[in-house]
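One structure is given here, and the rest of the page talks about it.
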Amino acid sequence: KCCIALARAMDLENEIKTLRKTFTEKSVDCVNLLKELELHKRLKGNDIPVFDLEGLQCLGSMLHIVCQNGTPMDFSNISVQWFRIHPKESNKEIISGATRPAYAPEPNDVGRYMQAEINFGGETAIAKTAGLVDPDAGLVDYVETLVRKPETEFNVVVLQLNGIDQPKEAVHVLNVGRLRMRLSKGKTVVAKEFYSSSMQLCGVRGGGEAASQAMFWRPRSDLSFAVAFETARERNAAIMLARRFAIDCNIILAGPGDKTPW
């Protein structure tokens, strides 16, 4: 009888272990199911997804808005606006025209946080860089070398003229001088303007894979270009050089809608 009772006790203990294992597995399945339901709700628009910025936080790179759960997002019906934020004053400055899922920091963004506000289903989510935008190592020294020259030439391709896409075969030359900038194709001068308060200059803000190499230049109110350089470093050097020369002429070059200290 003792042996039979012991055997029954062992069987009962095994059954309890099996039940516990089954219960644990069911609990895990339940938790996973709840997670899937929550994700499903988010994707259906009942809750706003959580976004993040992907890419190197430095000059010459591209920042992309991504969904944290890795789900590809269709941004066609999602509005985006990028901002630069001063680390000490916490001032949020809108970057006019930066309304795409990707943005290429330009020299004015160095030392600031980048923030994207995503309006999704009537709600707003925020994606912000973890740190400040870092400079391109060696770029300042390179620009200081160029400043000693009266002018510097860069090979560029005109992407847009007054907002209209252009054929990208012909190479132009952008001349950045102490008093003016000039864009030419061969012996033909396309644009030539002295630095003035109406001139605008900044990195291209419309997105695109070549945005880190592209610059927006409005010589005067009725004429604007988007030009692409051979490298991101050349693009940023040209922007910094032109701004440096412009300051010597008591002019601050910035992009559309940018705040200036003057």
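The values are calculated or read from the model by the stated rules, or taken from the named source; none is laboratory data. Note that the structure is predicted; figures quoted are calculated from it, not measured. Cβ atoms come from the backbone with ideal geometry, glycine included; neighbour counts cover every protein chain shown.
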Report yes if some residue within region 136-156 is in contact with a helix residue (DSSP H, G or I) (Cβ under 9 Å, 6 or more places away or on another chain), more than 14 Å from R235 (Cβ to Cβ) and of a type in the set (V, I, T); otherwise report no. yes
Take region 94-128 and flag every residue that is surrounded by fewer than 20 Cβ atoms within 10 Å (Cβ to Cβ), over 24 Å from Q200 (Cβ atoms) and of a type in the set (V, I, T). T124, I126
Give just the number: which of (1) touching a strand residue (DSSP E or B) at 6+ places or on another chain (Cβ under 9 Å); (2) touching a residue at least 12 places away in the same chain (Cβ under 8 Å) does Q166 not satisfy? (2)
Any chance T231 is of a type in the set (S, T, N, Q), closer than 22 Å to L59 by Cβ and without any contact (Cβ under 8 Å) to a residue 24 or more places away in the chain: yes
How many of the residues in region 138-157 are more than 17 Å from S61 (Cα to Cα) and in a loop (DSSP other than H, G, I, E, B)? 3
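Could you check how many residues of region 103-137 are among the acidic types (D, E) and not in a loop (DSSP other than H, G, I, E, B)? Step through it out loud before you land on a result.
Here is the first cut: in region 103-137, the ones among the acidic types (D, E) are 106, 109, 117, 123, 134, 136.
So of that shortlist, the ones also not in a loop (DSSP other than H, G, I, E, B) come out as 109, 117, 123, 134.
Counting residues in region 103-137 that are among the acidic types (D, E) and not in a loop (DSSP other than H, G, I, E, B) gives 4.
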Subset of region 53-108 (residues that are over 25 Å from I252 (Cα atoms) and among the hydrophobic types (A, V, I, L, M, F, W, C)): L53, L56, M62, L63, I65, V66, C67, M73, F75, I78, V80, A102
For region 234-262, name all the residues that are in contact with a strand residue (DSSP E or B) (Cβ under 6 Å, 6 or more places away or on another chain), over 20 Å from C58 (Cα atoms) and part of a helix (DSSP H, G or I). A242
Looking only at region 202-228, filter to residues that are over 18 Å from the mean Cα position of the chain (by Cα) and either over 15 Å from D165 (Cα atoms) or not assigned by TED's automatic domain parsing to the domain that holds L183 (or both); which one of those is surrounded by the most Cβ atoms within 10 Å (Cβ to Cβ)? P219
Keeping to region 66-92, report how many residues are crowded, with 16+ Cβ neighbours inside 10 Å and closer than 21 Å to C202 by Cα. 6
With respect to the numbered conditions (1) of a type outside the set (S, T, N, Q); (2) in a loop (DSSP other than H, G, I, E, B); (3) over 29 Å from L241 (Cα atoms), which one is the sole condition not fulfilled by R100? (3)
